[in-house]
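Nothing in this text is a laboratory measurement; each read-out follows from the coordinates by a stated rule. Not measured: the values here are computed from a predicted model. Here the Cβ positions follow ideal geometry from the backbone for every residue, glycine too, while neighbour counts run over all protein chains shown.
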Amino acid sequence: MGLILTVFILASMVTLKFFEGGWITLVITGALIGLAVLTRRHYAHTGRLLGRLDDLVVRAESYSENAAAKRKEDPPAPAFDREGKTAVLFVSGFNGTGLHTLLNVVRLFGEATKIARSVLERTPNAVFFGGQLIFPQDSIFLRLLHNQIVFAVQKRLYREGIPFVILPIRVDME
């Protein structure tokens, strides 16, 4: 209903007021639609590129299974050292993206400081890591669409005195 009503209003305004500035409405609406289509296309393309990272998980699991099959028995797990250095990655799951970045930290953003404090209580020497996408050619468009969350999380954790390191994640364009 909303789409039908909006299209009706747009068509009416353009038809009745075309020469009094109705054409400007068409230009602005067309530009916004074009921007939305380009943004969606970019994110779909970037998603396909990041999907390549998921292939690393398959290879890693395959390698791990082959290595485990070759060993007679698993080595003993290292003893937990509460005071030892601990690296903490915010990830969305066990996938290629999860191995390389914290792209899904948006869900955790409100909880990031709370989670970090909780981890630091258990392991005081923990260092947190996040990923920043690095594209072959940088542009204002790419900077607007990517990489801002990791810097926001870094600022928030720095204010709490919590160490946070940003690691580059190179994304090759097709």
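What does the highest-first list of 6-18, 130-142 look like by mean Cβ count within 10 Å? Write down the numbers at each step before the final one.
Numbers: 6-18: 11.8, 130-142: 13.9.
So the peptides 6-18, 130-142, ranked by packing, come out 130-142, 6-18.
Just subtract the alpha-carbon distance of Lys155 and Ile4 from 0.36 nm times their residue separation and send over the number in nm, one decimal.
Residue separation times 0.36 nm, minus the Cα-Cα distance, leaves 49.9 nm.
Need the full-extension length gain, Leu144 to Asn125, defined as separation in residues times 0.36 nm minus the C-alpha distance. One decimal, nm.
On the way: separation 19, 0.36 × 19 = 6.84 nm, distance 3.37 nm.
Residue separation times 0.36 nm, minus the Cα-Cα distance, leaves 3.5 nm.
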